[in-house]
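Input: a single structure, listed below in structure tokens.
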Amino acid sequence: MRAITSLHLLEKLGKTRLSRHFFARDFLYSEIGNFHAMQNLPEDTDLFLQAGRALCLNLLDPLVETFGPIAVRSAYRSPSVNHFGNAHDLKCARNEANYAGHIWDKRDGAGRMGACTSVVIPWFADQYTQGRNWRDLAWWVHDHLPYSEMWFFPTNAAFNLTWRQDPARTISSYIAPKGKLLREGANPAEPPEARRNRYADFPPLRGIVYPPIPSNWASPESVS
């Protein structure tokens with residue numbers, strides 16, 4: 001466990017690469033922390049990085065490599081920032097409910113590691129604002145990625161996306177039809193063919209081609 005006790009350590013943390021497309025700095029901004037002049041720093045940087053890498057490698061990188069750039073709307077919250085947000089009705093659940101969620105550097109009550117971020121996929125948001133159903137994206141994620149939880153919001157079809165050990169595989173929404181689309185342990189109400197028809201015009205999974213690293217510069221340590 002390492003705490004951030006200096007600017008040097010914070011800069012080092014921010015420059016740490018989590019995956020092909022993301023660095024730790026991408027997830028440290030907090031509007032609550034910014035407005036109320038509170039530090040949003042992990043208490044356990046080792047767990048923060050481990051959970052963040054799993055989130056990026058399993059969920060966020062595949063989104064980028066399928067749909068292009070994504071926008072991180074909300075991500076890591078320190079226990080103190082999250083507690084403040086909960087106490088002041090700033091749309092933060094209590095800390096215990098956010099362990100292995102927005103609070104990446106705390107395991108949940110079952111001992112599971114996890115991380116959550118709220119994202120917008122501009123490629124889909126442009127269609128959603130024209131009337132496309134948010135469930136088209138929800139079922140695509142369900143059928144392609146090892147998520148634990150999704151929560152959808154009305155603005156731009158933003159959604160909380162959680163990776164967690166022993167995933168729950170639940171989908172909820174504040175967009176009509178509100179509530180639980182998929183409960184833990186339940187089978188989807190829509191059969192596979194109906195779900196595939198919803199997203200038949202989506203791009204292929206990880207179909208975006210990036211320029212390869214020249215073989216003479218590639219190394220086993222390169223982030224793929």
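For segment 73-87, which positions are surrounded by 15 or more Cβ atoms within 10 Å (Cβ to Cβ) and out of contact with any Phe, Trp or Tyr (no Cβ under 6 Å at 6 or more places or on another chain)?
Within segment 73-87, Arg73, Ser74, Arg77, Ser78, Pro79, Ser80, Val81, Asn82, His83, Phe84, Gly85, Asn86 meet the criteria.
Which pairs have Cβ atoms under 9 Å, sit 6 or more apart or on different chains, and link a residue in segment 51-76 that is more than 23 Å from Asn40 (Cα to Cα) and of a type in the set (S, T, N, Q) to one that is assigned to a helix (DSSP H, G or I) and modelled with pLDDT of 95 or more?
Taking only residues 6 or more apart or on different chains, the pairs are Thr66/Trp123; Thr66/Trp140; Thr66/His144.
Working carefully through the options Asp26, Asp46, find the one that is assigned to a helix (DSSP H, G or I) and either small (Gly, Ala, Ser) or loosely packed, with under 14 Cβ neighbours inside 10 Å (or both).
Asp46
All but one of (1) surrounded by fewer than 19 Cβ atoms within 10 Å (Cβ to Cβ); (2) without any contact (Cβ under 8 Å) to a residue 60 or more places away in the chain; (3) out of contact with any strand residue (DSSP E or B) (no Cβ under 8 Å at 6 or more places or on another chain) hold for Gly33; state the number of the condition that does not hold.
Every condition holds for Gly33 apart from (1).
If you check every pair at least six apart or on different chains, which have Cβ atoms under 9 Å apart with a residue in segment 78-102 that is among the charged types (D, E, K, R) first and a residue that is part of a loop (DSSP other than H, G, I, E, B) second?
Between residues of segment 78-102 that are among the charged types (D, E, K, R) and residues that are part of a loop (DSSP other than H, G, I, E, B), the close pairs are Glu96/Lys106; Glu96/Asp108; Glu96/Gly109.
Return only the number of the condition from (1) farther than 27 Å from His21 by Cα; (2) exposed (fewer than 11 other Cβ atoms within 10 Å of the Cβ) that Tyr174 does not satisfy.
Unmet condition: (2).
Tell me which residues, restricted to segment 167-224, are at negative phi, in contact (Cβ under 8 Å) with a residue 12 or more places away in the chain and touching a Leu at 6+ places or on another chain (Cβ under 8 Å).
Within segment 167-224, Thr170, Ile171, Ser172, Ser173, Pro188, Tyr199 qualify.
Considering only segment 7-23, state which residues are in a loop (DSSP other than H, G, I, E, B) and not aromatic (Phe, Trp, Tyr).
Hits for segment 7-23 are Lys15, Thr16, Leu18, Ser19, Arg20, His21.
The values are calculated or read from the model by the stated rules, or taken from the named source; none is laboratory data. If you're wondering where the values come from, they're calculated on a predicted model, not measured in any experiment. Heads up, the Cβs are rebuilt from the backbone with ideal geometry, glycines too, and the neighbour counts pull from every protein chain shown.
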